[in-house]
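Visitor: Quick one: the structure is below, questions incoming.
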């Protein structure tokens, strides 16, 4: 909207359709979707609509994770004031879980999410789906399913935003050092 | 502004009393506790937030219930917990409070939960400890018991989320209660429009009206149309003085019975900090009745104490370091 950066940022809603298409074949019985707060939850809610027939047919359940209590930078940064309760209203044991996140970066959120999930039970498998992989991972973790690969510099910050009309968009913020 | 509870960035550093906590921090604690309620319902009732930290329960005065809830809260956060009944150990050998604290700091304690019969004990320790150590007041004399006040607030908010439309009655020994004053303060801060106190004159502090409450000496008038009834514990030791005639007499006038409770709104809830004197301030049929939220208070007490410890122990680094590595 403001100063368009040189990187071309795709339309989040279009990426979401791609993500839904890629996810479709993974939706089997005994699969559950888990959105990571907050962007992952927005995406999941839209995926629940886009994939509604399959989800109903296969009886796919869903939940929400807020990984604040499992983050590795808690000692430095403390708790964000807007943490939300995690809600996993299904049996995690032996489920095939698809974690949904907005922008995959360092892998630390995924690590925290996996640790939290294991406190609910022992899943059969965990798959990570992200709207965008922006590169820069710091752990041996990568998403199996992404709608777009957008390599970014560490001074850039890509965020999923929920607009007042309930559409989603991606915003690139340059946190250039002064 | 020199508030020992907050650091220079306005973040919570110690929890000593509810007075002096801005609305923002009160809400932060209540909201965080919301997330901890669910933790107790999981297969693994623990989160790793305080892994490797040592929480030291320093109880100069006995209180099994409070100590147990703090212990459970710290353990659910994965902290190591040491509970000391100091009254029965070093203190009786003549060691001062600060010597005891210094020794525990030398053993690398990270947080102190302090219970003392004297007002101001937790403040005194908080002033003494180095920056990285946090102090929680678990009750000091008649002065304050902030986590009890917070868990009451949390319970009220859980059952009656619209605080801006509530009528709350606090009933009983307001004079000796260490939570009543904090509670009145917090309820007002969070926007509760009408707080009443119902008690005999002898159990009310002087000029209690100045706290912004409506004073009643008659249960029937005071309970009319309230949404929340907060019973206070009547301390048996007060019975002997000139303050009260007898337990039976007190129960007749100020004890909460179904009959008196029926004057409140039909969906009113009843709170009590425990331990209860059944048949003195509250009738068993009310304590065990459908409107009682006394046991949920205990459950939420753990979540509140977890929230306070989690907020205190987190964020030791600078605020500015947050933009980096915050991504997924």
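Visitor: Quick one: if the Förster radius is 45 Å, what FRET efficiency do residue A:125 and residue B:108 give, using the C-beta to C-beta distance and rounding to 0.05?
Guide: E(calc), rounded to 0.05, equals 0.65.
Visitor: Taking just the C-alpha trace of the range B:146-296, give me its Rg and Dmax in Å.
Guide: Taking only Cα atoms of the range B:146-296, I get Rg and Dmax of 13.9, 41 Å.
Visitor: Another question about this same structure. Over the Cα atoms of the range B:77-204, what is the Rg over Rh ratio if Rh follows Kirkwood? Mind dumping the intermediate values first?
Guide: Working: Rg = 17.9 Å, Rh = 16.8 Å.
A ratio of 1.06.
Visitor: Working from Cα positions, state the angle (0 to 90°, nearest 10) between the long axis of helix B:97-106 and the longest principal axis of chain B.
Guide: 40 degrees
Visitor: Oh, and also: For a quick check: sort A:161, B:129, B:171 by the number of other beta carbons within 10 angstrom, fewest at the front. Walk me through the intermediate numbers first.
Guide: Values: A:161 13, B:129 19, B:171 27.
The most exposed by this proxy come first: A:161, B:129, B:171.
Visitor: Taking just the alpha-carbon atoms of the range B:4-147, what radius of gyration and Dmax come out, in angstrom?
Guide: Every Cα atom of the range B:4-147 included, Rg and Dmax give 15.1, 46 Å.
Visitor: Starting from the Kirkwood Rh over alpha-carbon pairs, what translational D in µm² s⁻¹ does the protein assembly as shown have by Stokes-Einstein at 37 °C and 0.692 mPa s?
Guide: Values: Rh = 25.2 Å.
My calculation gives 130 µm²/s for D.
Visitor: Once you place label points 7 Å from the Cα toward the Cβ at residue B:24 and residue B:221, how far apart are they in nm?
Guide: Computed distance between label sites residue B:24 and residue B:221 equals 4.2 nm.
Visitor: Pairing the Cα long axis of helix B:294-313 with the longest principal axis of chain B, what angle in degrees results, from 0 to 90 and rounded to the nearest 10?
Guide: The answer is roughly 30 degrees.
Visitor: Need one value for B:72-79: mean number of C-beta atoms belonging to other chains within 10 Å of its residues' C-beta atoms.
Guide: Details: counts 0, 0, 0, 0, 0, 1, 1, 0.
Shielding by partners across B:72-79 averages 0.
Visitor: Which residues among the range B:1-44 fall inside the zone where the amide N is under 19 Å from a point 7 Å beyond the Cα of residue B:188, along Cα→Cβ?
Guide: B:17-27
Visitor: What percentages make up the Cα-Cα pair-distance distribution of chain B when the bins are 20 Å wide from 0?
Guide: Per 20 Å bin, starting at 0, the Cα pair percentages come out as 31, 56, 12, 0.
Visitor: Would you mind ranking B:157, B:278, B:115 by Cβ crowding within 10 Å, fewest neighbours first? The partial results should precede the final answer.
Guide: Numbers: B:157 19, B:278 15, B:115 25.
Going from sparsest to densest Cβ surroundings: B:278, B:157, B:115.
Visitor: Something else now. How high is the FRET efficiency between residue A:171 and residue A:138 when r is their beta carbon distance and R₀ equals 22 Å, given to the nearest 0.05? Can you show the working numbers first?
Guide: Values: r = 23 Å, r/R0 = 1.03.
That gives a FRET efficiency of 0.45.
Visitor: Please compute the contact order of the range B:146-296 in relative form: average sequence separation of alpha-carbon pairs under 8 Å and at least six residues apart, divided by the residue count, as a percent.
Guide: Details: 259 pairs, mean separation 35.8, N = 151.
Relative contact order of the range B:146-296: 24 percent.
Visitor: Taking 0.36 nm per residue of sequence separation and subtracting the Cα-Cα distance, how much length would be gained by fully extending the chain between residue B:236 and residue B:252, in nm to one decimal? Spell out each step's value before the answer.
Guide: Numbers: separation 16, 0.36 × 16 = 5.76 nm, distance 1.61 nm.
The residue B:236-residue B:252 span can extend by a further 4.1 nm.
Visitor: Determine the relative contact order of chain B: mean sequence separation of Cα pairs under 8 Å and six or more apart, normalised by residue count, in whole percent. It would help to have the intermediate numbers written out before the result.
Guide: On the way: 572 pairs, mean separation 60.4, N = 328.
Relative contact order, chain B: 18 percent.
Visitor: Okay, moving on. Just from its helices, what would the mean residue ellipticity at 222 nm be for chain B, if runs of 4 or more DSSP H residues each count -39500 (n - 2.57) and the sum is divided by every residue, rounded to the nearest 500 deg cm²/dmol? Intermediate values should be presented prior to the final figure.
Guide: On the way: 11 runs with 111 residues, N = 328.
Helix-only estimate at 222 nm: -10000 deg cm²/dmol.
Visitor: Within 10 Å of each Cβ in B:43-52, how many Cβ atoms from other chains are there, averaged over the peptide?
Guide: Values: counts 8, 5, 1, 2, 8, 9, 8, 2, 2, 1.
Partner Cβ neighbours, averaged per residue: 5.
Visitor: Counting alpha carbon pairs within less than 8 Å and at least 6 residues apart, what relative contact order, in whole percent, applies to the range A:18-101? All intermediate terms of the calculation are to be shown ahead of the outcome.
Guide: Working: 115 pairs, mean separation 35.8, N = 84.
Answer for the range A:18-101 is 43 percent.
Visitor: Further question on the same structure: Please average, across the residues of B:211-224, the number of beta carbons from any other chain that are within 10 Å of each residue's own beta carbon, and give a whole number. Display every interim value, and only then the final one.
Guide: Numbers: counts 0, 0, 0, 0, 0, 0, 0, 0, 0, 0, 0, 0, 0, 0.
The mean count of partner-chain Cβ atoms within 10 Å per residue comes to 0.
Visitor: Related question: Tell me, B:214, B:134, B:123 in order of fewest to most beta-carbon neighbours within 10 Å? If you can, show how the numbers build up before the last one.
Guide: Values: B:214 13, B:134 23, B:123 20.
Fewest-to-most ranking of B:214, B:134, B:123: B:214, B:123, B:134.
Visitor: Run the quick spin-label model on residue B:68 and residue A:17: label points 7 Å from Cα toward the beta carbon, then report their separation in nm to one decimal.
Guide: Those two pseudo-labels are separated by 6.0 nm.
Visitor: Taking the Cβ-Cβ separation of residue A:28 and residue A:76 as r and a Förster radius of 30 Å, what is the calculated FRET efficiency to the nearest 0.05?
Guide: On the way: r = 40 Å, r/R0 = 1.34.
Plugging the Cβ-Cβ distance into 1/(1 + (r/R0)^6) gives 0.15.
Visitor: Compute the angle between helix B:146-159 and the longest alpha-carbon principal axis of chain B, please, reported from 0 to 90 degrees and rounded to the nearest 10.
Guide: With both axes taken from Cα atoms, the answer is about 60 degrees.
Visitor: Can you tell me the order of B:55-63, B:202-210, B:215-223 when each peptide is scored by its average per-residue count of other Cβ atoms within 10 angstrom, highest first?
Guide: The most tightly packed comes first, giving B:55-63, B:215-223, B:202-210.
Visitor: Evaluate the distance, in nm, between pseudo-label points positioned 7 Å from the Cα of residue B:127 and of residue B:51 along their respective Cα→Cβ axes.
Guide: 3.9 nm
Visitor: Moving on to the next point. Run through all the Cα pairs of chain A and give the fraction in each 10 Å bin from 0, expressed as whole percent.
Guide: 9, 37, 37, 14, 2, 0
Here, each number is a calculation from the coordinates, and none is a lab measurement. Computed from a prediction, not measured in an experiment: that's the story for all the values here. Cβ sites come from the backbone with ideal geometry, for glycine too, and all protein chains shown count toward neighbours.
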